[in-house]
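The structure appears below as structure tokens.
The values are calculated or read from the model by the stated rules, or taken from the named source; none is laboratory data. Because the structure is predicted, anything quoted here is derived from the model rather than measured. For neighbour counting, all protein chains shown are included, and Cβ atoms are generated from backbone atoms with ideal geometry for every residue, glycine included. Note: accessible area is taken over every heavy atom of the protein model, side chains too, but ligands, DNA and RNA are not part of it. Shrake-Rupley method; radii C 1.70, N 1.55, O 1.52, S 1.80 Å.
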Amino acid sequence: MYSISLVPGDGIGPELADAAEGALRAACGAAGVGIAVTRVAAGDAALESKGSALPASSLEAIRSSDACLKAPVGESARDVIVFLRRELDLYANIRPARSYPGMPALRDDIDLVIVRENTEDVYTGGEVDLGGAGVALRTVSERASERIARCAFEEARARAGKARVTCVHKSNVMRVTDGIFSRACARVASEYADVRFDEMYVDACAMNLIREPQKFDVIVTTNMFGDILSDESAQAAGGLGMAPAANIGDKAAIFEPVHGAAFDIAGTRSANPSSFILSACMMLDWLARTRRDGRCAQASSRLSSAVLSMVAGGAKTRDVGGGLTTAEFADGVASRAA
Ligand code: ATP
């Protein structure tokens, strides 16, 4: 039995959590995976009702669960997910972008993954208001750069795809910080003779993700560049509604969509739950790998195949050119995965 902490979050979050929980239960039931799901309050709603965006009881519930599945939170994201990434040392943010048949993608052969360093850069909260000017602190260490590079090379090996890692940075301008990052990646590359390694400036990468996204395999980059490029690659592959992600550390992991709380469509019943359901697949794959449990891999495969068969058959939500509501889509996934 696996304990799963489920954060419903804000905006479209609770709609996604409600819809995806049924699909997750159906797939796990069919594969013989026992799960106990506990809902955990975090985000803007928790701040309003409990006085804290991440109450101590929520942090404890996340810590003590086997894995956490998290919907997006709103304005308090920095106090929730940015805090959790550092607190639990979830140093690798894995963001796959894949164009599935039936998606409004730039091309139908996109299959890449962004491996984003998750604990450093300008996202550590080191900002100073000097009155009339502001200063942000950018931290990039050799240790964190090497461990994210290693994670990227392992990912390239495990994917059995093009076996290529592209290190994305801007070391011609940020010579110290990105110099450390690019040299660390090159050092780690020398340990992986079977994986091709190259480097690209972030602006060129942003262009190439539109021009020839099919050529990428694994992109490894720093925190903020990874945040921006992963929205771009998600859109290139069909849209944020299809984009899952994982925050992985050595002892814990949190799975969540790439997108935010999307307040503009909250309550319209049109949000695409695929991003959340595919995040649940990444959670099951992680449990399969870390607990050596083949049933979790089976549940993941049932769930992802169900999503693919829905969209390939034209049963889609509005963002990707269909007319199904969030619940209709998720119910369809659940019945196919069962
Ligand atoms: P953040 O900065 O927190 O990532 P954001 O302001 O970039 O948030 P998102 O919430 O990520 O905005 O969403 C951007 C747009 O993409 C939304 O306005 C919404 O229209 C669309 N979108 C995001 N997620 C989904 C989804 N699951 N289904 C349908 N549309 C979505």
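Quick notes on this structure:
- Out of V320, V333, sole residue that is of a type in the set (A, V, I, L, M, F, W, C) and buried (at least 24 other Cβ atoms within 10 Å of the Cβ): V333
- Meets criteria (in contact with a strand residue (DSSP E or B) (Cβ under 7 Å, 6 or more places away or on another chain) and in contact (Cβ under 8 Å) with a residue 60 or more places away in the chain) for A149: yes
- Residue in the stretch 297-308 that is within 16 Å of R25 (Cβ to Cβ) and touching an Asp or Glu at 6+ places or on another chain (Cβ under 7 Å) present: yes
- Checked against (1) part of a helix (DSSP H, G or I); (2) more than 18 Å from V320 (Cβ to Cβ), S305 passes all but condition (2).
- Screening A271, A315, A297, A288 for residues that are touching a residue at least 60 places away in the same chain (Cβ under 8 Å) and either away from the ligand (no atom under 16 Å from the Cβ) or aliphatic (A, V, I, L, M) (or both) leaves exactly one candidate, A271.
- Single unsatisfied condition, I277 versus (1) open to solvent by less than 40 Å² (accessible area, probe 1.4 Å); (2) without any contact (Cβ under 8 Å) to a residue 40 or more places away in the chain; (3) within 14 Å of the ligand (Cβ to nearest atom): (2)
- Index of the failed condition, G321 passing every other in (1) within 17 Å of the chain's Cα centre (by Cα); (2) on the phi > 0 side of the Ramachandran plot: (1)
- Filter pass, I4 being in a helix (DSSP H, G or I), open to solvent by less than 40 Å² (accessible area, probe 1.4 Å) and away from the ligand (no atom under 16 Å from the Cβ): no
- Restricting the stretch 210-252 to residues that are among the polar types (S, T, N, Q) and open to solvent by 10 Å² or more (accessible area, probe 1.4 Å), the residue that is nearest to the chain's Cα centre (by Cα): Q235
- Flag: V173 matches the condition of being at pLDDT 95 or above and open to solvent by 50 Å² or more (accessible area, probe 1.4 Å).
- Within the stretch 12-57, the residues that satisfy the criterion of being of a type in the set (G, A, S), more than 16 Å from the ligand (Cβ to nearest atom) and touching a residue at least 40 places away in the same chain (Cβ under 8 Å) are G22, A26, A27, G29, A30, A31, G32.
- Residue count for the stretch 235-266, restricted to those that are part of a loop (DSSP other than H, G, I, E, B) and either near the ligand (Cβ under 9 Å from one of its atoms) or free of Cβ contacts under 8 Å to residues at least 40 places away in the same chain (or both): 7
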